Each structure stands twice: as C-alpha cells, then as structure tokens.
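Just below is one structure, and these are the notes that go with it.
What follows draws every value from the coordinates through simple rules; no lab data is involved. What you see is a predicted model, and the numbers here were worked out from it, not measured in a lab. As a convention, Cβ positions derive from the backbone with ideal geometry for all residues, glycine included, and neighbour counts pool all protein chains shown.
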Amino acid sequence: MHLAESTWTDAAAVETSLALVPVGSTEQHGPHAPLGTDALAAETVAAAGADAYDGDVVVAPPIPVGVAEEHRHFAGTLWVSEDTFRDYVRETVVSLASHGWDRVVVVNGHGGNVAALRELCGRVTRHDGAYAVPFTWFDAVSLDADDDPPVDLEGVAMGHGGPVETSLVRAVAPDLVHEDRLAEVAAGAADGWGEWHAGTNLAYDSAEFTDNGVVGDPSRSDPELGAWLRDRAAEKLASLLDRVENRDCPDDGE
Ligand SMILES: [Zn+2]
C-alpha cells in the first residue's frame, strides 16, 4: 500500500507490521542522467519489492534529499547535513511505527546516505521501540553472470552515473536519459571513485576526480539490464522483508 495514494481509512485498515521508506538524493549524475536518479531508483525498487513480497507492506513516499555535499560543485545538487538527515529519517520511521508499522526497511538509492542510515536505524532499534534496517539496492544486487543477465557484465560496475544506474533509469524512465550524450560522457568519465593512496581516499568531493561527474561507462547501459537489476533488487528486498517480519526483535515481549 502506497501511503501517498491511499486514504487514512485505508491506512487504518491495512494489517501489517512492515513498512518501506525509500530514501534518495537529488544530485548530479553526469550530463546524461537526471538529478533525481537516486530517488527514482529507491522508489522503483521499493515499489517492486513490495509487489514481489507475499503480504501487505506499507510504502512511504520517497525522501528526495540526502547526504550529498560531495557533489556540491555540480549545479542542481542538493544536500542536508548528516544530523538533519538522521533526524528526519528517524522521525519518519518513528511516525510509521506509531501506526503499528514498526518493522521498517529503509530502501536507499545513494551511497552517501549509507553510514547515516546504519547509525539512525540502530538508534531506532535500540531506543524507539521499533526495528529498522537500511537496504541499499545496489549493494544488495550482485552483478553475477550466474543470474542470467540479459547483457555481458564484463566491465559493468556500480560507479556513479555509470552503467548500473543509467540502465535502471533507462528501464523505468527512458525519456530522462540523454542517450545521444552517452559516448561523449563515457570518454570524459573517471574509472574509479576517489583518489586513493595507502588505503585512504584523499578526496572529499567528486569534482576532485571526475570532470563531468561520472564514474564508469554509461554507454554500457541497457534498459534490459536496468529491468533485470530492478527485478533482482526486488527479489532481495522481498526476501529481506520476510526475514524482518519473522525476526525476533530485542523489545518483543516487553
Ligand atoms: Zn546515484
């Protein structure tokens, strides 16, 4: 059940303890993909995961701005501080729990949100009478040739605005990707994330290691790959929901 499309009376009638909160970012994804890529991905995976799950799940509207100051040099990128983000997501989760949806998976589409989500979900679980855990879709999906991918995965890696994210957007909102720019974007993209020395990333901002904002080769993107990624992520999320629903939580029985 998608909260934003439902009435309060429908929400009152739904019988489940499970909820999903999609969390994205509004940040540059190169000259070819939209600023809303991460929020779109989180929303898409949350919806597909809820569909794949055998039971009712409440799906909250997506949170569109996250921890993304690392992309501040690129126009249109928005961000909030980690403190603000943690408070906002935590209070959103707590408000879901107040209605009885107290087992919450935060479906994340942005790498910069990962550390803050892990911390706040731990705090919710320890102190707020609910269980929460973050699920970052691109970490959950393995680019495994054994899973019968529709394209050759050689050279396909997460990157940023690279083949994985660009494929997902091409699958669900093809009009938002500028395919005519892919070759030029690929030529100007960085090979890897960060500026590494002695196991240490010296760079704080993406502009320090990528001129056009992209890491990886988006010309390797394919809408069929995007649909495959979405479906693999949905399967993983559905299996996680099953586990979360049946898990003994610390405060059960108190
Ligand atoms: Zn992204």
Roughly speaking, what is the stretch gain from residue 200 to residue 123, that is 0.36 nm per residue apart minus the C-alpha to C-alpha distance, in nm to one decimal? 24.9 nm
Cleavage-rule hits (GluC sites (Glu not before Pro)) in the stretch 164-241: DSSP loop, at most 14 neighbouring Cβ within 10 angstrom: 195
Expected 222 nm ellipticity per residue - DSSP helices of 4 or more, -39500 (n - 2.57), all of the chain, to 500: -12000 deg cm²/dmol
Built amide H within the under 5 Å cut-off of residue 132, gap 5+: 104, 125
For a quick check of your reading of the filter: which chymotrypsin sites (Phe, Trp or Tyr not before Pro) in the stretch 187-218 sit in a DSSP loop and have no more than 16 other Cβ atoms within 10 Å? 204
Which FRET efficiency, nearest 0.05, do residue 6 and residue 144 yield, Cβ-Cβ r, R0 25 Å? 0.10
For the stretch 3-246, percent of DSSP beta bridges that are antiparallel (nearest 5) comes out at 20
On average, how much area does the Cα convex hull of the chain cover when viewed from any direction, in nm²? 14.5
